Amino acid sequence: MKTQVEDINRNIYDIKNKDDYEIKIQGLNREIVEEISRLKNEPDWMLEIRLKALKMYEELALPTWGPDLSELNMDDIATYVKPKSKLNSSWEDVPEDIKNTFDKLGIPEAEKKSLAGVGAQYDSEVVYHSMKEDLIKQGVIYTDMESAVRDYPEIVKKHFMKCVPISDHKFVALHAAVWSGGSFVYVPKGVKLDFPLQSYFRLNSPESGQFEHTLIIVDEGASLHFIEGCSAPKYNKVNLHAGCVELYVKDNAYLRYSTIENWSKNMMNLNTKKAIVGKNAQMDWVTGSFGSKVSMLYPMSILNGQGAKTEYTGITFAGGGQNLDTGFKVIHNAPNTSSVINSKSISKDGGACTYRSLVRINENAKNSRCSVSCESLMLDDKSRSDTIPVNDIKTDEVEFSHEAKIGKISDKTIFYLMSRGLSEEDAKAMIVRGFAYPISKELPVEYAVEMNNLINLELEGAIG
Amino acid sequence: MEKLKLNNTPVRTARNFAINNIELPVEIPNKIKNFESVEITNSKSNIDNEVSNKELTYGIGKILEELVFKNANNKIRIQTTKQKEDIKIIYNFDENNLNLINQIEILAENDANIIIIYKSKTSKQCFHTGIIRTIAKENVQLNVTIVNLLNEETNNFEAIENTLYQNSNVKYTIIDIGGKTSVSNYYSNIIGNNANNVLKTIYLGKDKQIKDLNYIAELRGEKSNIDIDVQGDLNDEAKKNFKGTIDFKRGCKKSKGNENESCMLLSNRAKSIALPMLLCTEEDVEGNHSTSSGKVDEKQLFYIMARGISYKEAVKLIVKSKFNKIIETVQDSELKEEILKEIDERLN
């Protein structure tokens, strides 16, 4: 019995606007890094970080594991693109073609539904930002990274590339050398936001790289839900996304970070995301990886405070020509910490999904708990699905369990549903939806049309 | 002393996960004389030393593999006859036989039970590296038991390569409780349709013992099966790496693979790393793996201690009961007793 699930309808994501930019810098060397810093009018300390990172980038080797990255040629990648637009505080001021694209992706609609703040990054610069006034009154800061470097230098200096050190891996070093755009969020002590903040990234320029930096600090006892979405139109040349997300969840704070990635299928998505979680704080990740040609994406929680918790809920869907290597990393560094990992993957039409993870429970993490569950669904015999989890346990006072399953849609289940009057196609579609449901119910679909499109179009896609 | 990178996983992952291979200082003995202290018990098989030097698909590492091919001081090839038979090979390390570099090749054309035991009759440091190849022809039932009872000064490196043809049924039981460092590589090439491979392992680590287990099963035949069950216990500062890979190759339709590894930690200084991999390029299969780590179940401990048994004895009972389901499959009752006695002593 064969199962077919149609590809995502990418029409709205593959909109290409005229590659119209004010500045576009190609390649990577010291002069280019200095030029980017000069164009942004940055303080010296930031240029120093950039130059140190460039040196690190040159020293570090490409990873010897995971998907093939040989197609990536840094000389061809635009490390900085500035569209013909300045940062706008009003939607009306955003240039028409950029606005049309975001309109089609549903950003203003999402905002109309009283989204608190929307930061849209188009190529390398943040073009639009807005925030509800009551947030400002509560002392919440939500701005683009360039403004944060200028307006809140002490906070940025203290946290920038500290959670993710520039020596982490080659693409982190690259990111730190040429980063541009991104979001900065600070939620003061005790402030609990009951609506999410949203940021959107989109690449338009062919062969360009997107190196946005997201820095979020949720101070003690505060609470935040942050949503990011990513997409790019399809060009023939390989694009690169090497963003970096640094999250600080202070004592007793809560942060949920939701991501929908639907990069076009010529994108190398080599993103790095890390969170440091304080005492009795909680960090939840919800991730949907649908797009890109190659993804290497492993969000990480470092549970440094006693009683810290983290939960990872992720789904990966790889179609033809895609190699999506995704997963999660957690380090238990304090007593009574806990983590729950729940991952699902679907591969079809020759697509390859890999779940790769690390659970490390250190000596001092007494009475910690970790539970891992990963399931993979293969929809045909051309595809590939691998599970590569590392479980590193350094203490006896621990409860650790890991389970993984791999397989196809059960013939018995199809038979059961068909005996209740469903057609074979509907039965299979229902099973695929049911498989993804525990993850899709966590995704904030009500906040953006794009996310609705992704989940529903894909899983309700014609099957037969 | 040479530092070697050994026991590479079939698929690499990030280097800082510290699991792609194990780096160890290995002292390879200079002078290799024949290993005389070996007992072979069998009734009918043809035995010679015409073993194959064909390169291993995985193995522990090229340097040790070459060492075996060039300098083996004991070679045994067994071709089973038409009647079912029991074969026992015992290597006794003693003052005159401190270094063993061996090759064992078993061509099973009919049912057989094979037991291979490594024992120390000396407290001196010994060295063992070896290759065991087993080939199970069509419809054969082959049971292989390997028991490592080497002393705590000895380094033990063993590569096993196992090929299964149609309808064959191969059961491997590995009792890995001895040695200072014990590195084992098990590769099963399940070619035949309906072939079934069961691998059960016990490991026990104490003091500063290191255990590195790298098990790889490739399923190629339709309706083939692999079942891996690894039960272990780590005490003191012992360290264990378990790398288990089930690889469903395209075409192995309706095949199943199950892998379970459970590690009981009896010390807060013991370290356990597990990498249970499932690789899959065939849609119509079922693969499952599970791993768990933790200390002795407190409820069980309380229940036993409430009956007047000391903490130490209660822990021993729990560990032995966990191991017992695997030890029970050893068909030699004398050996079974010897293993239990050894576990008992090592848990003291």
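Observations
- Residue that is nearest to A:Val218 (Cα to Cα), among those in region A:298-327 that are modelled with pLDDT under 95 and out of contact with any Cys (no Cβ under 6 Å at 6 or more places or on another chain): A:Thr313
- Condition met for A:Leu443 (in a loop (DSSP other than H, G, I, E, B), more than 8 Å from chain B (Cβ to nearest Cβ) and either in contact with a strand residue (DSSP E or B) (Cβ under 7 Å, 6 or more places away or on another chain) or at pLDDT 80 or above (or both)): yes
Results for (1) under 25 Å from B:Ala238 (Cβ atoms); (2) among the hydroxyl-bearing types (Ser, Thr, Tyr); (3) not in a strand (DSSP E or B), shown as yes or no for each residue.
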position: A:Cys353; (1), (2), (3): no, no, no
position: A:Cys370; (1), (2), (3): yes, no, no
position: A:Glu375; (1), (2), (3): no, no, no
position: A:Asp386; (1), (2), (3): no, no, no
position: A:Pro389; (1), (2), (3): yes, no, no
position: A:Asp396; (1), (2), (3): yes, no, yes
position: A:Glu403; (1), (2), (3): no, no, no
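- Residue selected from region A:365-391 under the condition within 7 Å of another protein chain (Cβ to nearest Cβ), free of Cβ contacts under 8 Å to residues at least 40 places away in the same chain and charged (D, E, K, R), by the criterion nearest to A:Thr337 (Cα to Cα): A:Asp386
- Residue ID - surrounded by the fewest Cβ atoms within 10 Å (Cβ to Cβ), chosen from residues in region A:343-364 that are basic (Lys, Arg) and within 9 Å of chain B (Cβ to nearest Cβ): A:Arg360
- Lone qualifier among B:Leu340, B:Leu317 - being under 29 Å from the mean Cα position of the chain (by Cα) and closer than 16 Å to B:Gly178 by Cβ: B:Leu340
- Subset tally (residues that are of a type outside the set (Gly, Ala, Ser), assigned to a loop (DSSP other than H, G, I, E, B) and within 10 Å of chain A (Cβ to nearest Cβ)) for region B:1-24: 6
- Within region A:392-405, no residue that is more than 7 Å from chain B (Cβ to nearest Cβ) sits with its Cβ atom under 8 Å from a residue that is of a type in the set (Gly, Ala, Ser) and assigned to a strand (DSSP E or B) at 6+ positions apart or across chains.
- The lone exception for B:Ile115 - which of (1) surrounded by fewer than 24 Cβ atoms within 10 Å (Cβ to Cβ); (2) farther than 30 Å from B:Glu345 by Cα; (3) in contact with a Ser or Thr (Cβ under 6 Å, 6 or more places away or on another chain) it fails: (2)
- Where a residue in region B:18-34 is of a type outside the set (Gly, Ala, Ser) and its partner, wherever it lies, is at pLDDT below 90 and part of a loop (DSSP other than H, G, I, E, B), with Cβ under 6 Å and at least six apart: B:Pro25/B:Met1; B:Glu27/B:Met1
- Unmet requirement for B:Val296, which otherwise passes all of (1) of a type in the set (A, V, I, L, M); (2) more than 8 Å from every other protein chain (Cβ to nearest Cβ); (3) closer than 21 Å to A:Ser345 by Cα: (3)
- None of B:Glu286, B:Glu282 is within 14 Å of chain A (Cβ to nearest Cβ) and part of a strand (DSSP E or B) except B:Glu286.
- Within region A:406-426, the set of residues being at pLDDT 85 or above and facing chain B (nearest Cβ under 7 Å) comprises just one member, A:Ile406.
The values are calculated or read from the model by the stated rules, or taken from the named source; none is laboratory data. None of the values given here were measured: they were computed from a predicted structure. Neighbour counts are summed over all protein chains in view; Cβ atoms, including those assigned to glycine, are modelled from backbone coordinates with ideal geometry.
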